[in-house]
Amino acid sequence: MDPVDPVASAPLAPGPRPATGAALTRLRRLLLREVIPARHRRGAALVVVLLTVAIMTTVIIDFVFQTRVQLHMVVNQRDEVRAYYLAKSGLDLARLALGFQKQVNALSGGNMNIQIWQYLNQFMGAFNAAKVDLPVASVDLSAVAGLGGMKGAFEVEVEPEDGKINLNAFVNPVSDRGRLETIARLTFLMSPGEYKEMFENKDDKGNYNDIPEVIASIIDWIDPDSDLTTMTGDFQYTPTGAGQESSRYRDIGGKIEPRNAKLDTLEELHRIKGVGDDFYESFADSMTIYSGSKVNVNTANEQLLAVLICSHLANPQDPLCSDPFNMLELAALVSTIVQWQNLRRSILLMTPFPTKESFKSFLTTGYPAFNIFIPKPPVLDWGKLLKDIEVRAPGVYRIKAEGRIGRTTKTLIAVIDLNKKGKLYYWREF
């Protein structure tokens, strides 16, 4: 009999029972739960990455855009500074050149009547492009040290203020000759038929402002008294004592009080009743607020020349100025004078009328040597006219200088008085 193996004969230890079908199903579901979330986590990471890339792209694009904007702003500011100093250089050069007028007068003995301001526009090219454009030829100055070779350019315009209609003459007494002449000149300035609608139609407030009313309003704004001014006839405007000057502005709903002092700028005219943009655009070039009552026939524009002729007719009823149908004749006469001014100044580089007698001679016969004729010379009070005109170099100038670099421009405007050692009356930057 074989011996019994104690290990083999020992009872089996209790253990897990074989899995049933239900248990297998639960096990499979458990395994599936563990696998599916893992797959979902991989998809979420991709979405996060895409969102991150999109956000970073937006941030970078905005950063690049802001950087470019700031760069352009810096470039514009740099160019504005350059343009400003280009304009200032042109203005200072003009002031420097004009300052030599007295020396020129002394060297010429006062007989040649050489006026520097007429030549500044031609010679400014020497500093811009090292070149001077003369009517007969162009002079190259590129070999001269300090001329040309700069970035950008500047342009300078010099306009004399002398001889324009001085509105600040209204601070003078009622009987003052300068004040009476100013009234007469303003009347002739506004009288041509082309301005008829301006003074016969209602303004934007529904009011009528004819020539007498507009001139009276200007007088009341400037004169030192507070009495209302009206027209009495023959260009006579006097304080009437019929009311306060401010009453002019009550019907337009304003609480405006007249200045009762000299104008500081010509733009102040916009505050005066009856003066609108159309008035300013039409007449501002013929007006000034600076001293000088005589009309300078070398610098006067067409409006001032027409006023000069019409206010010095030997016969005040001369149809040359009183008959609307003869306005073309007056316009042709004035145009001929301006043509001669431009020819002498720009082509011949000479003063148009070096003496008062030369102006009288031109209005009488023209200048046949250049085929310029006066078909019908005006009949003028020559004694009075020769007293009221000026041919010498002006003393007060308006200088406009524009600096330009690329697309950036800066403009400076100054008014100086050479009679008072270059005193600065006005300064504007834009």
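The values are calculated or read from the model by the stated rules, or taken from the named source; none is laboratory data. The model shown is predicted, which means the values in this text are computed figures rather than measured ones. Cβ: placed from backbone, ideal geometry, glycine included. Neighbour counts: every protein chain shown. With ligands, DNA and RNA removed, areas are computed over all heavy atoms of the protein, side chains included. Shrake-Rupley method; radii C 1.70, N 1.55, O 1.52, S 1.80 Å.
Looking at (1) surrounded by fewer than 20 Cβ atoms within 10 Å (Cβ to Cβ); (2) within 29 Å of SER108 (Cα to Cα), find the lone condition where ASP278 falls short.
Unmet condition: (2).
Counting just the residues of region 186-232 that are at pLDDT 80 or above and among the small types (Gly, Ala, Ser), which one comes out surrounded by the fewest Cβ atoms within 10 Å (Cβ to Cβ)?
SER226
Residues that are hydrophobic (A, V, I, L, M, F, W, C), closer than 27 Å to SER89 by Cβ and open to solvent by 10 Å² or more (accessible area, probe 1.4 Å): does region 399-415 have at least one?
Yes - at least one qualifying residue is present in region 399-415.
Quick one: which of ALA44, ALA126 is out of contact with any His (no Cβ under 6 Å at 6 or more places or on another chain), at pLDDT below 80, more than 23 Å from LYS421 (Cβ to Cβ) and open to solvent by less than 50 Å² (accessible area, probe 1.4 Å)?
Going through ALA44, ALA126 in turn, the sole match is ALA126.
In this structure, does GLY366 turn out to be under 28 Å from the mean Cα position of the chain (by Cα) and modelled with pLDDT under 90?
Answer is no for this residue.
Testing LEU96 on (1) part of a strand (DSSP E or B); (2) surrounded by fewer than 17 Cβ atoms within 10 Å (Cβ to Cβ); (3) at pLDDT 85 or above, one condition comes back false. Which one is that?
So LEU96 meets the others, but not (1).
Only one residue in GLY274, GLY243, GLY254 is in a loop (DSSP other than H, G, I, E, B) and modelled with pLDDT under 70. Which one?
It is GLY254.
Quick check, is SER361 in contact (Cβ under 8 Å) with a residue 40 or more places away in the chain, over 25 Å from THR182 (Cα atoms) and among the hydroxyl-bearing types (Ser, Thr, Tyr)?
When the stated conditions are applied, SER361 does not pass them.
With the requirement that a residue be surrounded by fewer than 19 Cβ atoms within 10 Å (Cβ to Cβ) and within 12 Å of ALA300 (Cα to Cα), what does region 325-334 give you?
If the condition is that a residue be surrounded by fewer than 19 Cβ atoms within 10 Å (Cβ to Cβ) and within 12 Å of ALA300 (Cα to Cα), then no residue fits.
Here are some conditions: (1) buried (at least 20 other Cβ atoms within 10 Å of the Cβ); (2) among the small types (Gly, Ala, Ser); (3) modelled with pLDDT under 75. SER175 meets all but one. Which one does it not meet?
Against the list (1) buried (at least 20 other Cβ atoms within 10 Å of the Cβ); (2) among the small types (Gly, Ala, Ser); (3) modelled with pLDDT under 75, SER175 comes up short only on (1).
Just wondering, is there one or more residues in region 148-158 that are at pLDDT 85 or above and open to solvent by 60 Å² or more (accessible area, probe 1.4 Å)?
yes
Quick check on my filter: what residues within region 364-393 are open to solvent by less than 30 Å² (accessible area, probe 1.4 Å), of a type outside the set (A, V, I, L, M) and touching a residue at least 40 places away in the same chain (Cβ under 8 Å)?
PRO378, ASP388
Could you list, in sequence order, all residues of region 289-302 that are farther than 13 Å from GLU159 by Cα, crowded, with 20+ Cβ neighbours inside 10 Å and touching a Ser or Thr at 6+ places or on another chain (Cβ under 8 Å)?
Passing the criteria: only ILE289.
May I ask you to list pairs of residues, at least six apart or on different chains, whose Cβ atoms are under 7 Å apart, with the first in region 183-201 being over 23 Å from ASP220 (Cα atoms) and the second being at pLDDT below 80 and not small (Gly, Ala, Ser)?
Listed by first residue and then by second, the contacts come to PRO192/MET327; GLY193/PRO324; GLY193/MET327.
What are the residues in region 181-200 that are among the acidic types (Asp, Glu) and either in contact with a Pro (Cβ under 8 Å, 6 or more places away or on another chain) or within 17 Å of ASP285 (Cα to Cα) (or both), if any?
The answer is GLU194, and nothing else.
Test each condition in (1) closer than 21 Å to LYS387 by Cβ; (2) surrounded by fewer than 22 Cβ atoms within 10 Å (Cβ to Cβ); (3) small (Gly, Ala, Ser); (4) out of contact with any Lys or Arg (no Cβ under 7 Å at 6 or more places or on another chain) for SER286 and report the one that comes out false.
So SER286 meets the others, but not (4).
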